[in-house]
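Below is one structure, written out as structure tokens; comments come after it.
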Amino acid sequence: RHGWRGILRNLTILAYTDQLMRLRFVIQLLAFLVPSLTLGAGHAADNTFETTLGNGMRVVVREDHRAPTAVQMVWYRVGSMDEHDGVTGVAHVTEHMMFKGTPRIGPGEFNRRVAALGGRDNAFTSTDYTAYFQQVPASQLKTVMGLEADRMRHLTLDPAGYSKEIQVIMEERRMRTDDQSSARVYEAMNAVVWQAHPYRRPIIGWMSDLEQMTVQDVRDWYRRWYAPNNAILVVVGDVSHQQVFDWARQTYGAIPARALPERKQYEEPVQAGGRQLEVKAPADLPLLIMAWKAPRLNDPRKDVDPYALEMLAQILDGHEAARLPAALVREQQVAVSVDASYDATHRGPGLFLLQSSPRPGHSVAELEQSIRAVLADVAKNGVTAQELKRARSQLQSSEIYKKDSVMGQAMEIGMLETLGYGWQSSTLMLDRLNQVTESDVQRVAQSYFTDDQLTMARLVPQPLDAAELAARAKRAESVQAGGRH
């Protein structure tokens, strides 16, 4: 829930065996019982190696010989923020089409070949980047490197295949956004929070743009951005870095670099007053989202406020006894759920988000008042040393069980590299989080939670009839049956 570390933690949990789940519980228990637990660098610098191919492609390899497996990830420095009005969603559509074949590999064959090797694969698109990954037995790494390099250069982009896939994507939008009341609120809120910055556009795209998109739009996007000098190769696992470097030169190194478009810098106008919006959608409960403008991490060595805000998010909602759930869910019982999140690692500006639904019998206004009271208390009285210790121990323990996953390590390296921080900054960031003081947390609570920087979105529940419920179920089945890979 709290930035990229929360994403890594969730991905790591998905990959755990029962034995590792038990290990995770022991680590969490130790972190709880010993709040002063400290985490070393894990010798990441000793087993991580990097090079740059002749065509400009960055390669980062981390040797981890604890299990005979390897993860390959290719990260492209392009996401939905690089789109323009009229073709929103094209980054995500291109991600889908990357599984539709090349002259050498037919539609759907990529997934079948990875599965036949005993592996798994997938991809994801964000505002800031697009990434593709395979986890395979280490002995099969060279094979998947060849497969990935093939589609970096030779994607077919067949019009017939595109016509089918765009229908799947539109159904995906209906199911994941149009049919989900909270997703509709977030989408509408982003369009209000950001006026000039491209973060205002949904990653999946506006439906009208998807309906009018053509296969040529995807071809243009692919040719513009899918180049080795716009990509980073990350490999983590039971490998020799020199061997991986050699394979990278044989596969990706054969692809010529291309001139990349100039990237424009977007400056969001200063918000000079609070903003509010209301979304009416079928739902059982109301929803309140409060979003404050917050800084991104520009310089990991010098910045202070982003680290303090991350610690504040952890103190507010890092565990069941944290301030917000303790006050709103258990003591006052005005909320059924509450969530705080903040991510400073972006290409663009940041937000500090609070989301909550009121308990039946309580209003959104009561809920807002209770949230404001918790924030005001932090601003006035600060946080305790024990709260800060517990927040540190949780972040440290998440680092420990992230290291047990080659996927978690690859995700961290890829994100830090793609966003321009460098994989070496991981230890630095953790050290800087450990240096956050109670006064730092109190200061950011006083500085950033002003009404002039606040956008408030409310979901007003509407009834949902049986016919619409049945239609939604049918759409969900359609998307699951026609998924891309």
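Scan the stretch 113-120 and tell me whether some residue there is among the charged types (D, E, K, R), part of a loop (DSSP other than H, G, I, E, B) and either farther than 29 Å from A45 by Cβ or in contact with a helix residue (DSSP H, G or I) (Cβ under 7 Å, 6 or more places away or on another chain) (or both).
Scanning the stretch 113-120, I find no residue that is among the charged types (D, E, K, R), part of a loop (DSSP other than H, G, I, E, B) and either farther than 29 Å from A45 by Cβ or in contact with a helix residue (DSSP H, G or I) (Cβ under 7 Å, 6 or more places away or on another chain) (or both), so the answer is no.
Name the pairs whose Cβ atoms lie under 8 Å apart, with the first residue in the stretch 368-394 and under 21 Å from N434 (Cα atoms), the second of a type in the set (A, V, I, L, M, F, W, C) and modelled with pLDDT under 95, and 6 or more positions between them or separate chains?
As it stands, the answer is R390/F32; R392/L433; S393/A31; S393/F32; S393/V34; S393/L37; Q394/A31, since those pairs meet every condition given.
Here's the yes/no breakdown for (1) at pLDDT 95 or above; (2) open to solvent by 20 Å² or more (accessible area, probe 1.4 Å); (3) out of contact with any Leu (no Cβ under 6 Å at 6 or more places or on another chain); (4) assigned to a loop (DSSP other than H, G, I, E, B):
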residue: Q134; (1), (2), (3), (4): yes, no, yes, no
residue: Q140; (1), (2), (3), (4): yes, yes, no, no
residue: R151; (1), (2), (3), (4): yes, no, yes, no
residue: Y186; (1), (2), (3), (4): yes, yes, yes, no
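Would you confirm whether any residue within the stretch 291-298 is in contact (Cβ under 8 Å) with a residue 60 or more places away in the chain, closer than 30 Å to R153 by Cα and not aliphatic (A, V, I, L, M)?
no
Yes or no: I371 of a type in the set (A, V, I, L, M) and surrounded by fewer than 21 Cβ atoms within 10 Å (Cβ to Cβ)?
So I371 does not fit the description; no.
For the stretch 189-211: of the residues being out of contact with any strand residue (DSSP E or B) (no Cβ under 8 Å at 6 or more places or on another chain), open to solvent by 50 Å² or more (accessible area, probe 1.4 Å) and in contact (Cβ under 8 Å) with a residue 60 or more places away in the chain, which is nearest to V168 (Cα to Cα)?
Checking each candidate, the answer is W206.
Filter the stretch 106-132 down to residues that are under 25 Å from R249 (Cα atoms) and among the hydroxyl-bearing types (S, T, Y) and give me whichever is most open to solvent (accessible area, probe 1.4 Å).
The residue in question is Y129.
Among the numbered criteria (1) part of a loop (DSSP other than H, G, I, E, B); (2) crowded, with 21+ Cβ neighbours inside 10 Å, which single criterion is violated by A257?
(2)
Among the numbered conditions (1) more than 19 Å from the chain's Cα centre (by Cα); (2) open to solvent by 20 Å² or more (accessible area, probe 1.4 Å); (3) at pLDDT 95 or above, tell me where V334 comes up short.
(2)
Condition first: open to solvent by 50 Å² or more (accessible area, probe 1.4 Å), aliphatic (A, V, I, L, M) and at pLDDT 95 or above. Can you find one or more residues in the stretch 296-311 that meet it?
Checked against the condition, which is being open to solvent by 50 Å² or more (accessible area, probe 1.4 Å), aliphatic (A, V, I, L, M) and at pLDDT 95 or above, the stretch 296-311 yields at least one hit.
Specify the residue that is modelled with the highest pLDDT; the eligible residues are those in the stretch 24-44 that are open to solvent by 20 Å² or more (accessible area, probe 1.4 Å), closer than 30 Å to W247 by Cα and touching a helix residue (DSSP H, G or I) at 6+ places or on another chain (Cβ under 8 Å).
Taking the candidates together, the pick is G42.
If only one of G86, G79 is touching a strand residue (DSSP E or B) at 6+ places or on another chain (Cβ under 8 Å) and at pLDDT 95 or above, which one is it?
Matching residue, one of G86, G79: G79.
Might you check whether a residue that is within 23 Å of the chain's Cα centre (by Cα), more than 30 Å from L428 (Cβ to Cβ) and not aromatic (F, W, Y) occurs anywhere in the stretch 289-302?
Scanning the stretch 289-302 turns up at least one residue that is within 23 Å of the chain's Cα centre (by Cα), more than 30 Å from L428 (Cβ to Cβ) and not aromatic (F, W, Y).
Out of everything in the stretch 270-281 that is open to solvent by 30 Å² or more (accessible area, probe 1.4 Å) and modelled with pLDDT of 95 or more, what residue ends up being nearest to T450 (Cα to Cα)?
G274
The values are calculated or read from the model by the stated rules, or taken from the named source; none is laboratory data. The model shown is predicted, which means the values in this text are computed figures rather than measured ones. Quick reminder, even Gly has a Cβ in these numbers, built from the backbone with ideal geometry, and neighbours come from all protein chains shown. Heads up: the accessible areas ignore ligands, DNA and RNA and are worked out on the full protein's heavy atoms, side chains in. Shrake-Rupley method; radii C 1.70, N 1.55, O 1.52, S 1.80 Å.
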